[in-house]
Amino acid sequence: MTGLAFRYAEEKDCELILFFIKSLAEYEKMSDDVSATPELLREWIFEKKKAEVIFPVVDGKEIGFALFFHNFSTFLGKAGIYLEDLYILPEYRNKGYGKQVLKKLASIAVERDCGRLEWCCLDWNQPSIDFYLSLGAEGLTDWTTYRVTGETLRKLAE
């Protein structure tokens, strides 16, 4: 794992970010759900600054990405980091890079005095679940994520 570096995404990286989003969606069997475009990513990540992206880089090549943003814990009284997506190209898996990405995110959280780092994982993704558990992460079995999108979101807003 020599030569691993990290860099924050820049506005010029929107196509690369979208490539990794689409690659992740394909892995998760959710390709039809991707409606992101480079323009939307530019607007929301770089203009509105609602998320951040880091790339793990090996020998000058971006081998994956992590997209994250700040959330807030009322119980802790401080912000946390929510990892929305983490993806490593298949040929770079099982080499410790995913762990290094999570370590980097943990160091960003500590540096920013955040109270936690959290993420979700699909129930069927046992390799990832096993990986997260090996790092000491805990599955929150008492919580269920709820979501409102699309037309239902618009109706709720009325």
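Cβ-Cβ contacts under 9 Å between residues 6 or more apart (or on different chains), taken from a first residue in segment 11-35 that is on the phi < 0 side of the Ramachandran plot and among the basic types (Lys, Arg) to a second residue that is surrounded by fewer than 14 Cβ atoms within 10 Å (Cβ to Cβ) and part of a helix (DSSP H, G or I), are listed as Lys22/Ser31.
Among residues of segment 45-64 that are β-branched (Val, Ile, Thr), those with a beta-carbon under 8 Å from a residue that is part of a loop (DSSP other than H, G, I, E, B) at least six positions away or on a different chain give the pairs Ile45/Ala9; Ile45/Ala51; Val53/Ala9; Ile54/Ala9; Val57/Ile63; Val58/Gly3; Ile63/Leu89.
Before we move on, is Cys114 under 19 Å from the mean Cα position of the chain (by Cα), assigned to a loop (DSSP other than H, G, I, E, B) and at pLDDT 95 or above? Yes: the conditions hold for Cys114.
Across segment 28-76, the qualifying residues are those that are of a type in the set (Asp, Glu) and in a strand (DSSP E or B), and the one among them that is nearest to Lys99 (Cα to Cα) is Glu62.
Assess whether Val53 counts as being more than 23 Å from Trp124 (Cα to Cα), touching a Phe, Trp or Tyr at 6+ places or on another chain (Cβ under 8 Å) and buried (at least 17 other Cβ atoms within 10 Å of the Cβ). Yes; evaluated as a whole, the condition is true for this residue. Scanning segment 131-154 for residues that are surrounded by 10 or more Cβ atoms within 10 Å (Cβ to Cβ), in a helix (DSSP H, G or I) and not hydroxyl-bearing (Ser, Thr, Tyr) returns Phe131, Leu133, Leu153, Arg154.
Look at (1) part of a loop (DSSP other than H, G, I, E, B); (2) surrounded by 13 or more Cβ atoms within 10 Å (Cβ to Cβ); (3) free of Cβ contacts under 8 Å to residues at least 24 places away in the same chain and you find that Trp124 fails only one, number (2).
The values are calculated or read from the model by the stated rules, or taken from the named source; none is laboratory data. Quantities reported herein were computed from a predicted structural model and do not represent experimental measurements. For neighbour counting, all protein chains shown are included, and Cβ atoms are generated from backbone atoms with ideal geometry for every residue, glycine included.
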